[in-house]
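All remarks here apply to the structure that follows.
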Amino acid sequence: MHRFTEETARLAEAVFQAALDRLRAEPPPLGRPAPADELSARAGPTITPGGLGPEGALRVFREVVAPATIPADHPGFLAFVPSAPTKAAALADLLLGVSSMVGAGWIDGAGAIWAENEALRWLADLAGLGPGAGGCFVSGGTAGNLSGLAAARQAARERRGEGPGRWSLVTSTEAHSSIRAAARVMDVDVVAAPAEDGRLTAARAREALDRAGGAAFAVAATAGTTNAGAIDDLAGIAGLCEERGVWLHVDAAYGGAALCAPSVRGRFAGIERADSLVVDPHKWLFAPYDCCALLYRDPSVAPRAFAQEAAYLEDANAVPGWNPMHLALHMSRRARGLPLWFSLAVHGTAAYREAVETVLRLAREAAEEVRRRPALELVREPELSVLLVRRRGWGPRALQAWCDRMLAEGRAFVLPTTWQGERVLRLCFVNPRTPLGLVRELLDDLAAA
Ligand SMILES: *Cc1c(COP(=O)(O)O)cnc(C)c1O
C-alpha cells in the first residue's frame, strides 16, 4: 500500500484524469442526494477483507459517491452559501493532500504556516486590523466563532478576575446559529438583541448589554448575515464595546470576502476595531472546503485560552515562530489556508477584487430582474449578494415544490428561507461564473409557474 508500484502509477493516471475531467466540467452535473440504502445497493459492499482494487474503488467514487452530491461550485447552486474555488486553489489542494504537511507548529510546519500567514496578512490588512494582527485557519466559521469567543472570555477573565457567576455574550437575533452553538458549548448565556431589518444597531446592542448587567464578555456582530446579507452597525457597536470594555467579535464568515470590493467596502466601516474576526474563504473567496480564517487584533491572548502543554510538546513549544495549534481549539491540522495562498499568489489580489465585484454586480442585476416581473417582489434591497424574493400568491408549499422541481430538472439548487415570519425564496451568489441568463430563466419560471 505504501510502495509506489506499477499499480500506483495506473491509479495516479486514473485519479489525475478524473480530477482533470472534474476541473474541465463546466458545469459539473448537479447531482442528487439519495437514501443511504439506495447508495448501498448501487455500490455493493465496499469495505471488504480483500479490497475492491483501484478500479473498483474509483468506480464507486465516480458512479455512486459523486452523483449523490450537489457540487457547491455548480453555477446553479444558490442555496445556503455556495462555494466557487479557483482552479489554482483546487489544484493546490490536490498537491497539499499528497504533501503530508502538518500545519500545527513551526517546528515541522514552518513553510506551510508562513504561506498561510501571507494570506492571513492580506485579510487582516483588508479589514484594517493593524500590524499586530494574526491568527490561523480553522475548519469553518463555526469553529472560528467558537475559538474567537473562547479567547474573548479568556481576556475578560484576565481583566476582571473572578467575573460574574455566569458569563454572557450579546448578539443579534439574526446572528448565525453557530454563535448560539458556541455559547452552548462554552456554557455561557446569550442575550439576543432584536435585529432591525436584519441588522444589529448600536442602540439595540446597548440595551442588550444593559440587560446582561456586566456579565457580558463579548458582542458578536455579523458582517453579512447568512439569511439576508445584512451588515450590523459595526462602527456604532465598536464604539459601544470600547466604552464598556467588552470584546468585539465580528462574524464575517460569508460577507468578509467583500472587504476587497471597493463598491461595498464602506459598509464595513468599524470592522477595523474588531478584537477577533472570522472570514470563510471556502464561501466567497474561492478556496475549497474547508477553510476559515480566524484573526485576532492581538493574538497574544489566544494561547492562554488554547495552548496545550505536555512532555512531548516541550520541543515544539520552545521553537520560536508561529504555532497555529495554540491559537484555536485544535492541534494536528491540515495547512488548509495553503490553497487560498497559492491562488492569491497565482492570480494577484486585483483578480479577487474583480471576481467579488462580478458577483456583487450579478446580485444587483438579479434584483433588477426581480423588479421587472410583476409576479415577483424584492423583499429587501441586497446589501451584498443575498436576494430575498417573494412570489406573489404563493404559500410555503408551492414555493417548496418549485425549489424541488428546479433540482429534479437539474437546473438549480435553491431553497426558501423565513424572513420576518414569511417563507420567501432566498438566492445566494458567490460564483462569478453564474450567468445572469440562468437567473433570468429561473425568475421567468418562478413568475410563470
Ligand atoms: C456559514 C456561516 C457560518 C458558519 O460557517 P461554517 O464554515 O459553515 O462553519 C458562520 N457565520 C456566518 C455568518 C455564516 O454565513
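Details
- Taken across the range 217-232, residues that are aliphatic (A, V, I, L, M), in contact (Cβ under 8 Å) with a residue 40 or more places away in the chain and more than 16 Å from the ligand (Cβ to nearest atom) do not occur at all.
- All conditions but one from (1) assigned to a strand (DSSP E or B); (2) modelled with pLDDT under 95 apply to Pro164; the one that does not is (1).
- Just so you know, in the range 1-58 the residues that are open to solvent by 50 Å² or more (accessible area, probe 1.4 Å), more than 30 Å from Asp404 (Cβ to Cβ) and in contact (Cβ under 8 Å) with a residue 24 or more places away in the chain include one that is farthest from the chain's Cα centre (by Cα), and it is Glu7.
Residue by residue, here is whether (1) closer than 15 Å to Ser276 by Cβ; (2) surrounded by fewer than 22 Cβ atoms within 10 Å (Cβ to Cβ); (3) within 16 Å of the ligand (Cβ to nearest atom) holds:
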residue	(1), (2), (3)
Pro71	no, yes, no
Ala84	no, no, yes
Ala88	no, yes, no
Asp108	no, yes, no
Gly111	no, yes, no
Trp114	no, yes, no
Leu129	yes, no, no
Ser147	yes, no, yes
Ala182	yes, no, yes
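- Look at the range 237-253: where a residue is farther than 18 Å from Ala151 by Cα and a partner is more than 11 Å from the ligand (Cβ to nearest atom) and hydrophobic (A, V, I, L, M, F, W, C), sitting 6+ places away or on another chain with Cβ atoms under 6 Å, you get Ile237/Ala202; Ile237/Ala205; Ile237/Val219; Leu240/Ala202; Leu240/Ala205.
- Options Ala212, Ala151, Ala175, Ala133: the member that is open to solvent by less than 20 Å² (accessible area, probe 1.4 Å), out of contact with any helix residue (DSSP H, G or I) (no Cβ under 8 Å at 6 or more places or on another chain) and either away from the ligand (no atom under 16 Å from the Cβ) or at positive phi (or both): Ala212
- One residue alone among Glu365, Glu377, Glu354, Glu383 is closer than 30 Å to Leu285 by Cβ, open to solvent by 20 Å² or more (accessible area, probe 1.4 Å), not aromatic (Phe, Trp, Tyr) and not in a helix (DSSP H, G or I), and that residue is Glu383.
The values are calculated or read from the model by the stated rules, or taken from the named source; none is laboratory data. No experiment lies behind these values; they were computed from the predicted model shown. Here the Cβ is made from the backbone with ideal geometry for all residues, glycine too, and neighbour counts use every protein chain on show. Ligands, DNA and RNA are stripped out before the accessible areas are found, and what is left, the full protein with its side chains, is counted by its heavy atoms. Shrake-Rupley method; radii C 1.70, N 1.55, O 1.52, S 1.80 Å.
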